[in-house]
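Contents: one structure, followed by commentary.
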Amino acid sequence: MFRIVLFFFLVYAIDMVAGKIFAYMVDNAKGGDNSRNNYICNSVNTDILVFGSSRALHHYNPVIIEKATGKSCYNCGQDGNGSILNYGRYQLICQRYSPKLVIYDIIPNFDLLAGDDNHKYLDWLKAYYNRKGVPEVFESVDPTEKYKMQSRMYRYNSKFIQIVSDIVHPLQDNGINGFRPMNAEMDTMKIAKKEEKKFELEFDSLKIAYINKMLNESPTTKFIFTVSPIWYGMDSTQLQPIREICKYRKIPFIDFSADPKYVHNNEYFKDGAHLNARGADEFTRDLIVELRKRGIN
């Protein structure tokens, strides 16, 4: 019996010590996504924020936005993430201040459609689990998360290598006001032939609920929803929920997904889903024109 108790005590002690070490490393990351995530959740204080997935991260140049509007801007886009992470980050931000404007780049897979594992959208919130409002996000995805999160190592188990890298030798910096341009020419090998498939779309009520919760979080913040250019174009039926939300709430919705200036134009893209640096700058300038048409400066 003593050995069993000792075993569990050692497991608990190792978990607590390792958790504290990794928490320290995350808090003191010198660069990379951990440092950037810390800045977004703890420090960002700009007038304008850009939210979304990798398409937000790589498509919106805050420097161009700042010059055009005279307002400060930071790009909070995150690879492979959508409304669940963005809501968690946004409510942490709103505990400090209310941004004047949020430009939210929608991508259906991460923001609207069902079919993937919503647990993956919690990863960048795990380090902030003890903060106000964050546990509720975890429990909405999976009620058992509140038990798993009692393990300090569980909070960092998917990012051990990246955490060490970000404090010892970061492979990336925080970008240009969070923006990471893709300095590459079009790679035609990464454009898969798209087959027309007829299937019934299934929307994820939780993802859509978090878009609405975000809109309710800070009534003084103005939101604009956008879809940045896609080499293939996009089936607009995937965007039905966000169109309805914007119509009901009288929020601007700006869709560049099928803009003929960009569709199949190799000079602006790195791959089928992402603009290169030239395309990002051109799109950001085009977006500014559309914002001004709507009286948003």
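The values are calculated or read from the model by the stated rules, or taken from the named source; none is laboratory data. All of these numbers come straight from a predicted model, not from anything done at the bench. All Cβ positions, even for glycine, are placed from backbone atoms using ideal geometry, and neighbour counts span all protein chains on display. For accessibility, only protein heavy atoms count, side chains too; no ligands or nucleic acids. Shrake-Rupley method; radii C 1.70, N 1.55, O 1.52, S 1.80 Å.
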Notebook entry, point to check: Going through segment 119-140 one residue at a time, which ones are touching a residue at least 24 places away in the same chain (Cβ under 8 Å), buried (at least 18 other Cβ atoms within 10 Å of the Cβ) and not charged (D, E, K, R)?
Noted result: Y121, L122, W124, L125, A127, Y128, Y129, V134, V137
Next item on the list: Run S158 past the list (1) hydroxyl-bearing (S, T, Y); (2) in a loop (DSSP other than H, G, I, E, B); (3) open to solvent by less than 60 Å² (accessible area, probe 1.4 Å) and report the number of the one that doesn't hold.
Entry: (3)
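Every residue, every condition in (1) touching a residue at least 12 places away in the same chain (Cβ under 8 Å); (2) within 24 Å of I211 (Cβ to Cβ), yes or no:
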position	(1), (2)
K250	no, yes
D255	yes, yes
D259	yes, yes
E267	yes, no
D271	yes, no
L275	yes, yes
E282	yes, no
R285	yes, no
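Matching residues to (1) under 14 Å from Y60 (Cβ atoms); (2) part of a loop (DSSP other than H, G, I, E, B):
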position	(1), (2)
I251	no, yes
A258	no, yes
Y262	no, yes
E267	no, no
D271	no, yes
A280	yes, no
F283	yes, no
V289	no, no
I296	no, yes
Next item on the list: Tally the residues that are part of a helix (DSSP H, G or I), under 14 Å from E145 (Cα atoms) and of a type in the set (S, T, N, Q), restricting the search to segment 105-135.
Entry: 1
Note to self: Anything in segment 256-295 that is surrounded by fewer than 16 Cβ atoms within 10 Å (Cβ to Cβ), hydrophobic (A, V, I, L, M, F, W, C) and under 13 Å from T69 (Cα atoms)? List them, or say none.
What the structure shows: V289
Notebook entry, point to check: Does segment 209-235 hold any residues that are open to solvent by less than 10 Å² (accessible area, probe 1.4 Å), in a loop (DSSP other than H, G, I, E, B) and more than 11 Å from A273 (Cα to Cα), and which are they?
Noted result: S218
Checklist line | Failed item in (1) open to solvent by 10 Å² or more (accessible area, probe 1.4 Å); (2) in contact with a Lys or Arg (Cβ under 9 Å, 6 or more places away or on another chain); (3) among the aliphatic types (A, V, I, L, M), with I245 passing the rest | finding: (2)
Note to self: of a type in the set (D, E, K, R) and over 18 Å from the mean Cα position of the chain (by Cα): is that true of K146 in this structure?
What the structure shows: yes
Next item on the list: Among the residues of segment 254-277, write down those that are among the acidic types (D, E) and closer than 14 Å to M182 by Cβ.
Entry: E267, D271
Note to self: Looking only at residues that are more than 22 Å from A273 (Cα to Cα), in contact (Cβ under 8 Å) with a residue 60 or more places away in the chain and of a type outside the set (F, W, Y) in segment 73-101, which one is most open to solvent (accessible area, probe 1.4 Å)?
What the structure shows: K100
Item checked: Long-range neighbours under 7 Å by Cβ, at least six apart or interchain, first residue at pLDDT below 85 within segment 159-182, second open to solvent by 60 Å² or more (accessible area, probe 1.4 Å) and part of a helix (DSSP H, G or I) -> N174/Y39
Check: Of (1) open to solvent by 10 Å² or more (accessible area, probe 1.4 Å); (2) part of a helix (DSSP H, G or I); (3) modelled with pLDDT under 95, K30 satisfies all except one. Which?
Finding: (2)
